[in-house]
Amino acid sequence: MGLHSCGSATDLILEQCQKKRANFVVCPCCFGFMQNELSTDFPRSQVFSEVGLTSQDYHVLAAGADMTYYEGDTTDAHNENREAGKLCMSLVNMDRKLWVEESGWEVRLCRMNPESCTPKNEILVGTAPA
């Protein structure tokens, strides 16, 4: 289980869970910190790699994922960026989901309820293959 798993900490948790065949629940955050990670190859999934997304593109996407602001923040610039940030966050987490599924896992990408509890409100839930 990982809560507030900053940057590539989420990826490290997913790697360890796969090695140990341990089910997981992970709530990723602070996507921009992924830019500092040099030992992990991004994108993670074959699907994202095959569409031509480079590591540099991925880091830009991860930085965009940090533009998810609280729903109550009514600053115009934040309102404009919020939806783009949520899309970037979902794309990064979908890449993670697909990557783990490539190893035969069942993975769900969910949102916390209520969604307004935190801007980084996505959760990855994985079940090891039988």
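The values are calculated or read from the model by the stated rules, or taken from the named source; none is laboratory data. Being a predicted model, the structure only gives us computed values, none of them experimental. All Cβ positions, even for glycine, are placed from backbone atoms using ideal geometry, and neighbour counts span all protein chains on display. The accessibility values were calculated without ligands, DNA or RNA, using every heavy atom of the protein model including side chains. Shrake-Rupley method; radii C 1.70, N 1.55, O 1.52, S 1.80 Å.
Quick notes on this structure:
- Test: residue in segment 21-40 that is among the basic types (K, R), on the phi < 0 side of the Ramachandran plot and either open to solvent by 30 Å² or more (accessible area, probe 1.4 Å) or not in a loop (DSSP other than H, G, I, E, B) (or both): no
- Conditions (1) open to solvent by 40 Å² or more (accessible area, probe 1.4 Å); (2) modelled with pLDDT of 90 or more: number failed by C88: (1)
- Scanning segment 98-130 for residues that are under 18 Å from L87 (Cα atoms) and part of a strand (DSSP E or B) turns up R108, L109, C110, R111, E122, I123, L124.
- Selection from segment 41-55 of residues that are assigned to a loop (DSSP other than H, G, I, E, B) and either surrounded by 17 or more Cβ atoms within 10 Å (Cβ to Cβ) or among the acidic types (D, E) (or both): D41, F42, P43, R44, S45, L53
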